[in-house]
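Before any comments, here is the structure.
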């Protein structure tokens, strides 16, 4: 069984296991630590673990931050879901009217 201060890596493991509702005994066994040492550290970090469970601080892609959609954006996304997909993809020549050139004589 390991002795000494619990490392940062072990603290991260404890946070993850606490979020997965693993018992203190199970955590101690996996980390090869005494149940008392694990319980003491869990008591110290329990507030942070609870806060992390209640707040979403990562986007779906795992990037830290929060994505917020406005009501208008949400309504537009819902409308687009109900529309059938386009049957044809615009050709490059069809998109030429979308491009505005400041000086049409230059290429």
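The values are calculated or read from the model by the stated rules, or taken from the named source; none is laboratory data. Note that this is a predicted model, so its numbers are computed, not measured. So basically every Cβ, Gly included, is an ideal-geometry build from the backbone, and we count neighbours across all protein chains shown.
Structure data summary
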quantity	calculated
Cβ-Cβ under 7 Å pairs, at least 6 apart or on other chains, the stretch 38-51 side over 17 Å from residue 28 (Cα atoms), far side in a helix (DSSP H, G or I)	49/15; 49/18; 49/19
Test: residue in the stretch 69-79 that is assigned to a loop (DSSP other than H, G, I, E, B), modelled with pLDDT of 65 or more and surrounded by 10 or more Cβ atoms within 10 Å (Cβ to Cβ)	yes
Test for residue 12: is it loosely packed, with under 12 Cβ neighbours inside 10 Å and either in a helix (DSSP H, G or I) or at pLDDT 90 or above (or both)	yes
First in the stretch 1-24 and within 15 Å of residue 37 (Cβ to Cβ), second anywhere and exposed (fewer than 12 other Cβ atoms within 10 Å of the Cβ) and modelled with pLDDT of 85 or more, Cβ under 6 Å, 6 or more apart	1/32; 2/32
